[in-house]
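Note sheet for the following structure.
What follows is calculated from the coordinates using simple rules that are stated; it is not laboratory data. Quick caveat, the model's predicted, so the values are computed rather than measured. Glycine gets a Cβ as well: all are built from the backbone with ideal geometry, and neighbour counts include every protein chain shown.
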Amino acid sequence: MKAYIGTDLEGVAGVVTFYTQTSPGGTGYEAAKRLLTGEINAAVDGLLAEGVSDILVCDGHGPGAVHYESLHPAAKLLHGRPLAPRDVRDAVVREYDICLMIGQHARAGQPLANMNHTQNSQSVDSYHLNGKPIGEIAQFALYQGALGLPLVFLSGDEEACREAEELIPGIRTAAVKRSLSRNSAISLSPAKAHELIREGVADAIRRQRENPLSPLAWPGPFVLEKRFFHTDTADAAADAPGAERVDGQTVRLRGDDIRDLIYR
Ligand SMILES: [Zn+2]
């Protein structure tokens, strides 16, 4: 079994505040990167404990948030922006059998959820796919699902874990923060968070061997509605080929292949 790990920063224990901790130049950014990388390394230890040794980590936080010098020796890192062409990236992901998410947060608008947002925390109000609210967990799971990879484990705050469990019944999660509000949470210590992730990942691999989860796939065709906070962002989104304007703040996109749509 080969494992592909998607990472984000806002669901990491100890990272609770936008910008100072999540943007390059923020006073807490370098420390936040180390916290994320500690959690990634715990996941790698959990994989190794179950004999999974081919491990690719994909740095999913826009500006890059993996502290490369601290990365576990058993892991490789996929990073850099702009992204490689989609066909190139997809071919790499298809080399793997399962995927995991580390450091993930809940979708925009989830009450209480620490650091809740979807893609751009300053412009996106909500996304709905075929009428259902979705966030970054569904985006990742559906995209990787279309490439044949089931999402078998997620770590993040409690609300992100709840969102993942609703989306993928049977997924193994590890909650490393108790969310109190968008800017406040109760974090476990790094050591405790690492223990939960290490043990959770190992358990997810055992479960996957005994009773495998399938790649996430929703029936198409797909309609993605993107609602923004302001009309100028919607103006720009509405200029995309095939986009329909729903109202001042909302744009609708349609497609048959989820990969064409989900990250547009
Ligand atoms: Zn994110």
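Side notes on the structure shown:
- Nearby lysines by direct alpha-carbon distance to Lys76 (threshold 20 angstrom, same-chain neighbours under 8 apart not counted): Lys2, Lys33
- Sorted by Cβ density within 10 Å, fewest first, the residues Ile258, Ile102: Ile258, Ile102
- Between region 227-251 and region 87-111, the Cα center-to-center distance that results, in Å: 25 Å
- Straight-line cross-link partners of Lys177 among the aspartates and glutamates, defined as a Cα under 13 Å from its Cα and at least 8 positions apart when in the same chain: Glu10, Glu39, Asp157, Glu158, Glu159.
- Ranked by how many other Cβ atoms sit within 10 Å of their own Cβ, fewest first, the residues Ser179, Ser214, Ser155, Ser126 fall in the order Ser214, Ser126, Ser179, Ser155.
- Projected onto their three principal axes, the Cα atoms of the chain cover extents of 50, 39, 31 Å, largest first.
- Within straight-line cross-link reach of Lys226, lysines at Cα separation under 25 Å, skipping those fewer than 8 residues along the same chain: Lys132
- Mean-position separation - Cα centroids, region 28-56 and region 130-188, in angstrom: 17 Å
- Loop-located chymotrypsin sites (Phe, Trp or Tyr not before Pro) in region 75-153 whose Cβ has at most 10 other Cβ within 10 Å (DSSP): none
- Prolate is the label for region 219-264. Its Cα gyration tensor axes, ordered a ≥ b ≥ c, give a/c of at least 1.5 and a/b above b/c.
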